[in-house]
Amino acid sequence: MVSVISNVETGHDDMIHDAQMDYFGTRLATCSSDRSVRIFEVKGTSQTLIADLREHEGPVWQVAWAHPMYGNILASCSYDRKVIIWQEDGHKWKKVHEYANHDSSVNSLCWAPHEHGLILACASADGSFSVLTSTAHTWESKKITSAHSVGCNAVSWAPAVAPGSADGTSRSGTAVQRIVTGGCDSYVKIWKFDSATGEWIEELKLEGHSDWVRDVAWAPSIGLPRSIIASCSQDRRVIIWTNDGVTGVWQPRELNTFDDVIWHVSWSVTGNILAVSGGDNKVSLWKESLEGQWVCLSDSAKGQPSSEQRTL
């Protein structure tokens, strides 16, 4: 059973699109259609606003925290076609980089596992995704065009720990960089970075959805041989894609068909519980049983957006 621990009055003037806790769970970042990003200090059930960032010129869709080994860094993406990277300097947050090389809304972003470095991937409605890499106080960018026809809605990184290496080390010594994307073409695509050419190559196209793929999430690895990806779609379905690490084949299994469009899927830190949220204003938690069946642990109504849209 899921219970509400506390409500956060964010002070946003319009609908909230994303809310993310940092690595330590002591800070909360939110973003909204009011074009702002807000950061709160969280202590117990109390929250204190410490930053109100207003550099975007359109609704802000997502925020993402970088690993703390690189400092206090937050990224945001917006309908204004921009990605902004923010960093805390002392007790003041400032914009340290702006990426504006997309031709349409930037819908999603995700930091790479810290083992790869300070690297950010972002997906755009122009059908492409970009990878931004921090090197020697500058940011280098690589744009992968025509990744999805019509638009690219979501992006997620594969874990840096190689499947099958329970001690946390890769069999080959270095973990291969992989990204999964979801698009308006109904495809889920897996991309691999070729270190020899410096290019991102489409490794696999997974077909199973019948409408826009709204979100994708690669499950964290705990050293088991298999890899798991979750995807959700406008077709109201969530699909679990599993690669056993032996055959190399990704097998789809439909988690459920829901009553409304599913917007987001998110894994727990250990990769064994999946959170699903959709247009019915509910969040459900799912776990795989010992028999390999996915069962619903809880189903919690979030409240109607018309009256609660500014409160998390």
I need every pair where a residue in segment 31-51 that is in contact (Cβ under 8 Å) with a residue 24 or more places away in the chain and within 16 Å of N7 (Cβ to Cβ) has its Cβ under 9 Å from the Cβ of a residue that is assigned to a strand (DSSP E or B) and small (G, A, S), sequence separation at least 6 or different chains. R38/A29; R38/S32; R38/A51; F40/A29; F40/A51
Quick check on segment 264-279. Is at least one of its residues at positive phi and at pLDDT below 95? yes
Every residue in segment 229-260 that is hydroxyl-bearing (S, T, Y) and either open to solvent by less than 40 Å² (accessible area, probe 1.4 Å) or touching a residue at least 60 places away in the same chain (Cβ under 8 Å) (or both), please. S231, S233, T242
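Give the number of residues within segment 272-281 that are crowded, with 17+ Cβ neighbours inside 10 Å and out of contact with any Cys (no Cβ under 8 Å at 6 or more places or on another chain). It would help to see each step written out before you state the result.
Restricting attention to segment 272-281, the residues satisfying the condition of being crowded, with 17+ Cβ neighbours inside 10 Å are 274-278.
From what is left, the residues that are out of contact with any Cys (no Cβ under 8 Å at 6 or more places or on another chain) are 274-275, 277.
The total comes to 3.
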Segment 26-60, residues that are assigned to a loop (DSSP other than H, G, I, E, B) and open to solvent by 10 Å² or more (accessible area, probe 1.4 Å): T26, S33, D34, R35, G44, T45, R54, E55, H56, E57, P59
Being in contact with a strand residue (DSSP E or B) (Cβ under 9 Å, 6 or more places away or on another chain), open to solvent by less than 30 Å² (accessible area, probe 1.4 Å), closer than 27 Å to S300 by Cβ and among the small types (G, A, S), is that true of even one residue in segment 61-70? yes
Just to be sure I understand the filter: pairs with C-beta atoms under 9 Å, separated by 6 or more residues or on different chains, first member in segment 261-290 and touching a residue at least 40 places away in the same chain (Cβ under 8 Å) and under 19 Å from A160 (Cα atoms), second member of a type in the set (V, I, T) and assigned to a strand (DSSP E or B). Which pairs pass? S266/V276; W267/I228; W267/I273; G271/I228
Scan of segment 37-60 for residues that are out of contact with any strand residue (DSSP E or B) (no Cβ under 6 Å at 6 or more places or on another chain) and closer than 19 Å to W86 by Cα, ordered by number: R54, E57, P59
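Name every residue in segment 282-297 that is loosely packed, with under 15 Cβ neighbours inside 10 Å, part of a strand (DSSP E or B) and over 21 Å from the mean Cα position of the chain (by Cα), in order of residue number.
If the condition is that a residue be loosely packed, with under 15 Cβ neighbours inside 10 Å, part of a strand (DSSP E or B) and over 21 Å from the mean Cα position of the chain (by Cα), then V295, C296, L297 are the ones that fit.
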Return only the number of the condition from (1) modelled with pLDDT under 95; (2) part of a strand (DSSP E or B); (3) of a type in the set (D, E) that E203 does not satisfy. (1)
K189 meets each of (1) under 23 Å from S284 (Cα atoms); (2) open to solvent by less than 40 Å² (accessible area, probe 1.4 Å); (3) not β-branched (V, I, T) with one exception, condition (1)
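The values are calculated or read from the model by the stated rules, or taken from the named source; none is laboratory data. Fair warning: this is a prediction, and the values are worked out from it, not measured in the lab. No Cβ is skipped: glycine too gets one built from the backbone with ideal geometry, and neighbour counts run over all protein chains shown. Accessible surface areas use protein heavy atoms only, side chains included; no ligands, DNA or RNA. Shrake-Rupley method; radii C 1.70, N 1.55, O 1.52, S 1.80 Å.
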